[in-house]
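Report on one structure; see the data block that follows.
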Amino acid sequence: EDQVTQSPEALRLQEGESSSLNCSYTVSGLRGLFWYRQDPGKGPEFLFTLYSAGEEKEKERLKATLTKKESFLHITAPKPEDSATYLCAVQSHTGGFKTIFGAGTRLFVKA
Amino acid sequence: NAGVTQTPKFQVLKTGQSMTLQCAQDMNHNSMYWYRQDPGMGLRLIYYSASEGTTDKGEVPNGYNVSRLNKREFSLRLESAAPSQTSVYFCASSERAGAISPLHFGNGTRLTVT
């Protein structure tokens, strides 16, 4: 059964304090791994898709990386507006059209 | 460009009442989905429609029914609401079934069943 585990559950950072969020996954053949950002009271917003181990994607202060067992979302010099819940999700070859989500990491960045 | 629109935004039901959650997308996407989000459990798939005219069960379908009304609209019905169905419900769409494409979400319906 496909499974996605995110850690930590919550992360509190000072503005400018870089850190990483972890997403561990167990799937029968990875088709794609996704990162989403979710603000309070809103739906998730797509950030990145990663397809194979070694791949990296960047957007402003965010960089996502992928290995065969996990993905990291690196946040460089975060700002208060980066505060949100970050969700990791996977699609597998045996999962059909389904996307399986992790529970998310709540990020708080204090000025 | 509205993207994915869900109505209503909030709803309170009593146990045993029924209701339909509405979802419409204007991106010409083929596939649509209903998820529920509960604290600490992440998003769980209720039902999905890979293309117009087809629907399939997801991870937690019990107590729900769906209708793909046309390419744009996908509704979720609770026939007899239970307190366990208190949750935030998200509708999503993606370009086409079989492709590795991200989901585009609405802003959710917050449902409380008392």
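The values are calculated or read from the model by the stated rules, or taken from the named source; none is laboratory data. Just so it is clear, the model here is predicted, and its values are computed rather than measured. Positions of Cβ are generated from backbone atoms using ideal geometry, with glycine treated the same way; all protein chains shown enter the neighbour counts. Surface areas here come from the heavy atoms of the whole protein model, side chains and all, with no ligands, DNA or RNA. Shrake-Rupley method; radii C 1.70, N 1.55, O 1.52, S 1.80 Å.
Here are the numbers for the structure shown:
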item	result
Checking A:S28 against (1) in a loop (DSSP other than H, G, I, E, B); (2) polar (S, T, N, Q); (3) within 11 Å of another protein chain (Cβ to nearest Cβ), the condition it does not meet	(3)
Tally, over the stretch A:85-111, of residues that are open to solvent by less than 50 Å² (accessible area, probe 1.4 Å), on the phi < 0 side of the Ramachandran plot and among the small types (G, A, S)	4
Residues of the stretch B:36-57 classified as under 19 Å from B:R96 (Cβ atoms) and at the interface with chain A (Cβ under 9 Å from one of its Cβ atoms), total	4
Matching residues, the stretch B:1-41, being surrounded by fewer than 11 Cβ atoms within 10 Å (Cβ to Cβ) and not in a loop (DSSP other than H, G, I, E, B)	B:F10
Extreme residue, nearest to the other protein chains (Cβ to nearest Cβ), among residues of the stretch A:52-84 that are within 10 Å of the chain's Cα centre (by Cα) and surrounded by 20 or more Cβ atoms within 10 Å (Cβ to Cβ)	A:A64
